[in-house]
Structures are given as structure tokens and as C-alpha cells.
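Contents: one structure, followed by commentary.
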Amino acid sequence: MSTAVRDNPAENRYEIHEAERLAGFSAYRLTGRRIAFTHTETLPEFRGRGLAGRLVAGGLDDARRRGLAVLPFCPYVREYIAEHADAHLDLVPARDRARFGLPHPETA
């Protein structure tokens with residue numbers, strides 16, 4: 001089955017669709033040049049297939065493409081960034097990393 005991550009700005013969230021069915025979403029607040037991820041959820045029938053990780057990766061990739069700083073208030077997004085620090089930690093401003101329990105540049 002094909003999956004696709006899409007930004008849905010009308011709902012303030014990234015969505016992941018599998019065969020055109022909504023499988024999950026990652027809600028955000030956009031303020032200027034910052035995007036604050038607040039909640040990520042995979043619908044029950046789609047859990048356990050790695051879709052949440054693909055969803056978050058897609059949202060973070062889009063934030064990078066748009067030049068947005070990321071504030072990971074969502075615990076899942078924060079954990080994903082910590083586990084993939086080499087690819088995504090730079091999206092979180094260095095001055096904000098401590099508040100999210102993320103490594104500083106010199107320890108990353």
C-alpha cells in the first residue's frame with residue numbers, strides 16, 4: 001500500500017494517509033518562522049507499522065525545506081529528534097534544546 005505525508009494547514013497538522021485513508025496526524029502551531037509540534041497520533045487500526053515515524057520525519061523534512069525552527073512539545077516528536085539527532089537536531093534552536101531535554105551542539 002502507498003503512504004503519503006501531507007501538510008493540512010487548514011487543520012494545523014501533518015497527516016499520513018495509507019491508500020487515501022487517514023492513518024495519523026501530527027498537530028502543530030505555526031508562529032512566524034517557528035513550528036511547534038504539539039501532538040502526534042496514529043489511528044488504532046494503523047498502529048504498529050512504523051507510520052508515526054514516517055509521519056514525523058515527513059513533517060520535520062518539510063520544516064527544514066521551509067526554513068522553520070522546530071519546537072518539539074510533543075513527546076513523540078522530541079523522542080524522534082533525540083533518536084535521529086544527526087539528521088534533525090539542528091532544526092531545534094540550540095538555545096531551546098535544554099528545555100526539551102535534547103543535547104547541546106557540543107554533546108550531539
For the stretch 29-71, max minus min Cα coordinate along each principal axis, in Å, sorted largest first?
35, 17, 10
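Considering only DSSP beta bridges where both residues belong to the stretch 3-94, give the percentage that are antiparallel (nearest 5).
For the stretch 3-94, the DSSP antiparallel bridge percentage is about 85.
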Crossing angle, helix 51-66 versus the chain [Cα axis fit, 0-90 degrees, rounded to tens]:
60 degrees
Dipole of the chain, positive direction: furthest Cα of Ala87, Ala98, Ser26, with charges on the beta-carbon
Ala98
For the chain, averaging the sequence separation of alpha carbon pairs under 8 Å that lie six or more residues apart and dividing by its residue count, the contact order in percent is 19 percent
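What whole-number value in cubic angstrom gives the convex hull volume per residue for the C-alpha atoms of the chain?
Per residue, the Cα convex hull of the chain comes to 100 Å³.
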Phi to ³J(HN,Hα) by Karplus 6.51 cos²θ - 1.76 cosθ + 1.60 over the stretch 87-93, Hz, x for Gly, Pro:
9, 10, 4, 5, 6, 8, x
Given Cβ point charges of +1 (Lys, Arg) and -1 (Asp, Glu) and nothing else, what value in debye, to the nearest 20, does the dipole of the chain about its Cα centre take?
320 debye
Non-local amide H neighbours of Ala23 (under 5 Å, H modeled in plane, Pro and chain starts lacking H): which ones?
Ile16, His17, Glu18
Within the stretch 1-69, DSSP-loop GluC sites (Glu not before Pro) with at most 11 other C-beta atoms within 10 Å are Glu11, Glu20
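When only DSSP loop residues count, what trypsin sites (Lys or Arg not before Pro) in the stretch 13-68 have their Cβ near at most 12 other Cβ atoms within 10 Å?
When the trypsin sites (Lys or Arg not before Pro) of the stretch 13-68 are filtered for loop state and at most 12 Cβ neighbours within 10 Å, Arg33 remain.
Read the figures in this text as sums done on the coordinates, not as results from a lab. None of the values given here were measured: they were computed from a predicted structure. Neighbour counts run over all protein chains shown; Cβ positions are idealised from the backbone, glycine included.
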